[in-house]
1. Quick test of your reading of the structure: residue 399 fulfils all but one of (1) within 15 Å of the ligand (Cβ to nearest atom); (2) closer than 22 Å to residue 335 by Cα. Name the failing condition by number.
2. If residue 428 satisfies every condition in (1) within 15 Å of the ligand (Cβ to nearest atom); (2) in contact with a helix residue (DSSP H, G or I) (Cβ under 6 Å, 6 or more places away or on another chain); (3) part of a helix (DSSP H, G or I) but one, which is the exception?
3. Among the residues of segment 222-240, is there at least one that is part of a loop (DSSP other than H, G, I, E, B), in contact (Cβ under 8 Å) with a residue 12 or more places away in the chain and within 17 Å of residue 141 (Cβ to Cβ)?
4. Out of all the residues in segment 413-425, which are more than 16 Å from the ligand (Cβ to nearest atom) and crowded, with 22+ Cβ neighbours inside 10 Å?
5. Taking residue 417, is it within 25 Å of residue 107 (Cβ to Cβ) and modelled with pLDDT under 95?
6. Residues that are within 25 Å of residue 308 (Cβ to Cβ), at least 3 per element: which strands (runs of 3 or more DSSP E) completely within segment 131-209 meet that?
7. Being under 21 Å from residue 435 (Cα atoms) and out of contact with any strand residue (DSSP E or B) (no Cβ under 7 Å at 6 or more places or on another chain) is the filter; apply it to segment 402-412 and report the residue that is nearest to the ligand (Cβ to nearest atom).
8. Can you pull out the helices (runs of 4 or more DSSP H) entirely within segment 293-394 that have at least 1 residues that are within 15 Å of the ligand (Cβ to nearest atom) and free of Cβ contacts under 8 Å to residues at least 60 places away in the same chain?
Ligand code: SF4
């Protein structure tokens with residue numbers, strides 16, 4: 001059992017301190033932080049797509065130092081992940097945080113003859129790590145969602161991550177305590193025993209401005225928060241940045257979080273300042289801590305942490321509903337019924353399909369008949385029946401199991417469309433199919449399957 005698992009088992013609040021692999025300097029890693037045990041975490045490709053891998057970076061630190069290695073699925077496929085697992089095991093790494101990851105800086109949408117960038121979904125990585133066995137598996141979760149459908153989609157995917165085998169959950173960085181409380185309540189309500197940790201970071205004015213300007217995926221910084229930080233800086237009260245972080249850590253502890261993931265606080269002087277504030281305020285109870293937190297942020301309603309709702313969830317249109325029902329009927333008849341499977345098997349067992357001209361024609365026919373209707377990209381493993389007939393390939397990351405954490409008020413992280421997972425969550429509610437989005441773990445598509453006919457693959461697999 002990893003040390004981190006034992007902290008979880010003993011309900012020992014712990015501090016995960018995050019280090020970027022792009023740092024030029026090796027900083028000393030403490031074993032204790034304000035009296036709480038420390039676990040170092042190494043992030044995966046935060047600054048650039050070519051940062052040193054967490055596995056390589058981990059070799060620069062003592063082997064007996066407890067570590068959590070991040071693995072982001074961006075630009076990776078399942079075979080890369082399986083290799084990573086083997087190497088992690090060799091290096092005696094037991095704790096993993098499995099993420100889909102934000103948009104690759106060098107993302108390719110497959111135009112102009114370039115290969116489209118692929119993203120291995122966290123759900124699929126969790127399934128593979130669980131199957132390999134012996135790892136303490138963490139997943140990310142973003143509770144800071146303020147449009148109904150995107151919030152629903154996040155929680156539906158969290159169900160899947162847990163079902164796939166997650167042992168612990170780390171939230172996105174965020175400052176809305178109410179949203180953190182909801183995430184904790186969700187686990188209690190569903191009797192999930194997984195541990196939850198909150199990502200925290202001393203939020204200086206410069207960092208807040210950077211995140212707002214660069215629209216860092218999935219992080220909510222409101223103009224109101226910026227205003228408070230600006231006033232504070234002008235009044236020479238910048239140290240409040242660390243006081244606030246200390247309060248958030250203590251609040252999370254009182255709320256029953258298993259720990260925090262401390263980001264952007266790796267310098268000894270920053271850590272010492274934060275520790276001093278934790279020591280100073282740790283005697284306060286939850287009410288007193290929250291009161292102080294609200295005073296520092298000048299909070300009156302809690303809405304100060306929420307973005308302006310400029311994009312509202314709408315119920316599915318009658319056209320969307322009609323399309324869903326038509327495709328559902330067709331799918332049932334052709335792919336799920338006994339008769340459909342029998343006919344399909346008969347057709348695809350014929351010798352003709354050994355010829356490349358026949359398979360090419362088949363692939364073209366499938367593409368032409370589906371691309372205009374659902375945006376098919378010939379992935380070879382049709383998942384429409386599990387995605388309410390919304391093709392996962394129309395998500396720029398190609399995610400089938402649910403959204404990444406990067407949406408903003410139903411908008412895709414890529415900014416050019418509505419998130420298909422919000423659309424799906426809304427449709428699921430309307431046609432009472434939410435259970436599918438909550439429970440069905442959709443396997444990843446191996447690279448070698450792409451560009452083949454999903455029809456042929458489906459019927460031939462149905463035979464087995
Ligand atoms: S899931 Fe695959 S086969 Fe099905 S429509 Fe989308 S790209 Fe085409």
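The values are calculated or read from the model by the stated rules, or taken from the named source; none is laboratory data. All figures in this text were calculated on a predicted structure; none of them were measured in a lab. For neighbour counting, all protein chains shown are included, and Cβ atoms are generated from backbone atoms with ideal geometry for every residue, glycine included.
1. Only one criterion is unmet by residue 399, namely (2).
2. Just one mismatch for residue 428, condition (1).
3. Step one: of segment 222-240, the residues part of a loop (DSSP other than H, G, I, E, B) are 222, 235-239.
Next, from what is left, pick out any that are in contact (Cβ under 8 Å) with a residue 12 or more places away in the chain: 222, 238-239.
Applying the additional criterion that residues be within 17 Å of residue 141 (Cβ to Cβ) yields none.
No, segment 222-240 has no match at all.
4. Once the filter is applied, which keeps residues that are more than 16 Å from the ligand (Cβ to nearest atom) and crowded, with 22+ Cβ neighbours inside 10 Å, segment 413-425 yields 419, 422, 425.
5. Numbers: within 25 Å of residue 107 (Cβ to Cβ): yes; modelled with pLDDT under 95: yes.
For residue 417, the condition - within 25 Å of residue 107 (Cβ to Cβ) and modelled with pLDDT under 95 - is met.
6. Working: elements: 136-141, 168-173, 195-200.
Strands (runs of 3 or more DSSP E) meeting the threshold: 168-173, 195-200.
7. 402
8. On the way: elements: 318-331, 338-348, 356-374.
Qualifying helices (runs of 4 or more DSSP H): 318-331, 356-374.
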